[in-house]
Amino acid sequence: MSESGTDFLFGTSTGNGRVMVVDDEPDIRKVVRMTLQKAGYDVLEAEDGEKAIEVINTGENRLMLDVIICDIRMPKINGVEAIEYLRKEYPNVQLIVLTGFPDMDMASSFLRQGVVDYLVKPVAGEKLRDSVAKAMNQREIHRL
Amino acid sequence: MPNVEPTRVAILGGGKGGTLLLDLLSQVPGVELIGVADTNPAAPGIRRALDLNLRVTDNVVDLIAEQGLNLIVDVTGDPAMPALINQHKPPGAEILGGAGAKLVWNMVQHESTLQGQLFQAEKLAGIGSFAAGIAHDINNPLYLVLGFAEAIIEEHDPTTIRDLAQEIIQAVRRISTISREFTQYARQSISSEYVDVELNVKLEEAFKIAQYATVLQDLSVVKDYTGKQLIKAKPDELLHALVNLITNAIQAMDGKGTLTLATCDEDEVATVTISDTGCGIPDGRLEQIFEPFFTTKAPGKGTGLGLYNVKSIVGKNHGKISVTSEVGKGTMFRLQFPLEGQPS
């Protein structure tokens with residue numbers, strides 16, 4: 001399996017788009033990475049909201065990061081807080097929530113904030129890739 | 001409470017009825033239990049009386065000859081007993097036996113059944129507040145199962161396939177642990193026996209369950225356990241009370257703050273404290289929190305029976321509960337139980 005994108009500073013770019021997955025569980029990040037690398041995306045990882053903010057503020061990620069897939073329940077800075085920050089500071093970066101909580105209220109609140117999708121685990125690989133593709137399209141529109 | 005002489009009571013008969021009466025009367029203010037008599041030294045009432053440091057004997061005459069006795073409760077069912085009591089009781093002692101004792105016995109048993117049902121109903125209602133947390137903790141490993149299985153379908157390398165299958169097995173184990181924990185907790189408590197319980201172990205078990213009460217978990221948890229804290233209690237009831245208090249603490253902090261769980265022993269007393277850095281309880285409300293149906297939660301969110309049940313469970317297990325709180329700073333609940341001697 002290709003390890004491209006593990007280095008968040010100088011990850012080799014495939015040109016298909018750069019995605020960061022934020023989840024406190026390493027195995028979840030591994031599944032997301034496998035799922036998305038299959039579709040040719042570069043995947044970065046962060047274990048909580050604090051680390052995610054650090055990663056996006058590092059080097060070329062400020063410009064090159066297209067989509068963030070974010071969990072909700074995480075230590076330090078949780079998903080709600082992280083998404084609030086990212087919406088404000090990086091309005092062009094597209095956000096997808098990937099969480100274990102099937103919570104309608106939370107889902108509609110995120111979607112109102114402009115989050116692309118609210119996905120509840122377990123989510124099939126195909127569905128996650130569709131969602132990222134949709135987010136990449138919106139990212140293109142924002143770039144224009 | 002006016003300072004009056006306690007009613008001194010002796011119980012004859014250590015069967016189920018005698019045991020229930022013993023448990024009830026030992027909590028009633030104004031009652032002083034003198035002892036229990038039963039010819040069977042292994043009767044549950046005799047064992048219970050020993051736990052409570054009460055006098056036990058197989059000789060009824062010895063017990064009822066006690067001077068200053070006010071009331072003799074006869075639940076032996078023995079037809080020869082009334083005559084024997086009348087012959088040996090001290091002057092002035094009254095007898096509750098026959099139909100009167102049977103009526104009291106039935107009322108106590110009925111009350112005990114109702115209380116059991118009330119505990120269970122409130123426990124099940126409380127589990128509702130864990131639903132989101134449980135769903136979260138099951139959906140995460142489920143996602144691993146799905147993701148790794150999808151990877152296996154497209155994988156050709158046998159070693160990688162084996163590793164992925166191993167990951168799936170681990171994820172399934174996580175899920176089964178969660179479902180086991182909760183079915184154990186939710187089941188109706190069937191044990192009516194008081195056994196030796198390590199308070200620290202129960203506190204830890206309760207914490208694992210109560211954690212599900214918060215969605216955005218961002219708590220620091222401080223645990224300060226000392227000693228073994230062996231007490232005599234009904235384990236399921238004790239767990240229920242502890243889960244209730246820890247859940248309240250977590251909810252009072254809205255998922256953010258410091259939860260402190262501590263135990264210590266001093267002078268034959270085991271103490272548990274559960275403290276939070278949450279919203280606190282105003283002075284005027286501290287009196288009310290243990291009352292049935294008192295709740296500050298939105299309609300449908302709480303039964304108002306949580307702390308009421310906690311208090312009666314703690315009382316039934318011969319403990320005491322107290323609370324201190326400061327608005328905006330937090331709340332601390334303190335439970336105290338008589339310490340059991342270390343088993344030799």
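Coordinate-derived values only; no laboratory data. Note that the structure is a prediction, hence the values are computed from the model and not measured. Reconstructed Cβ throughout: ideal geometry from the backbone, glycine too, with neighbour counts over all protein chains shown.
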| query | Rounded to the nearest 20 Debye, what is the dipole magnitude of the range A:18-143 about its Cα centre when Lys and Arg each give +1 and Asp and Glu each give -1 at the C-beta? | reply | 400
| message | Let me confirm one metric for peptide A:124-131, namely the mean number of other chain beta-carbon atoms within 10 Å of its residues' beta-carbons. | response | 2
| Filter on B:K102/B:K234; B:K232/B:K320; B:K223/B:K329; B:K232/B:K311; B:K202/B:K232 - keep pairs with C-alpha separation over 22 Å | B:K102/B:K234
| note | Kirkwood Rh over alpha-carbon pairs of the range A:18-143 plugged into Stokes-Einstein at 25 °C, 0.890 mPa s gives a D in µm²/s of 173
| said: What number do you get for the range B:126-256 when its Cα radius of gyration is normalised by 2.2 N^0.38 Å, N = residues? | reply: 1.33
| Over all Cα pairs of the range B:7-96, how is the pair count split among 10 Å bins, expressed in % and running from 0 up to the last occupied bin? | 19, 57, 24, 0
| Kirkwood Rh in Å, taken over all unlike Cα pairs in the range B:239-316 | 13.7
| request: Using only Cα atoms, figure out Rg for chain B and give it as a multiple of 2.2 N^0.38 Å. | output: 1.24
| note | Cα-only Rg/Rh for the range B:33-183 with Kirkwood Rh rounds to 1.42
| When only C-alpha pairs under 8 Å and at least 6 residues apart count, what is the relative contact order of chain A, in percent? | 21
| Using the Cβ atoms and a cut-off under 11 Å, what net charge is assigned to the surroundings of B:L96, where Lys and Arg are +1 and Asp and Glu are -1? | -1
| field | Rg(Cα) / (2.2 N^0.38 Å) computed for the protein assembly as shown, rounded to two decimals | value | 1.32
| Local net charge near B:E66, Cβ-Cβ under 12 Å (Lys/Arg +1, Asp/Glu -1) | +1
| Potential extension, B:E66-B:E32 segment - 0.36 nm per residue separation minus Cα distance | 10.9 nm
| Kirkwood hydrodynamic radius (C-alpha pairs) into Stokes-Einstein, the range B:44-121, 25 °C and 0.890 mPa s, D in µm²/s | 171
| request: Rank the residues A:R29, B:R47, B:R173 as a footprinting-exposure proxy: fewest other Cβ atoms within 10 Å of their Cβ go first. | output: B:R173, B:R47, A:R29
| note | Distance in Å, no decimals, from the C-alpha centre of the range A:95-130 to the one of the range B:305-319 is 42
| said: Starting from a Cα-only point model with no solvent, please compute log10 I(q)/I(0) by Debye for the range B:136-209 at q = 0.23 1/Å. | reply: -1.03
| request: Let me know the mean shielding of A:33-41 by other chains, meaning the per-residue number of their Cβ atoms within 10 Å of its Cβ. | output: 2
| task | Sort out for me the Cα centre separation of the range B:61-96 from the range B:109-159, rounded to whole Å. | result | 55
| remark: By Cβ neighbour count within 10 Å, fewest first, A:V93, B:V61, A:V19 rank B:V61, A:V93, A:V19
| task | Using DSSP, restrict attention to beta bridges with both residues in the protein assembly as shown and report what percent are antiparallel, rounded to the nearest 5. | result | 40
| query | What number in nm² do you get for the range B:195-338 if you take the convex hull of its Cα atoms and divide its surface by four? | reply | 8.1
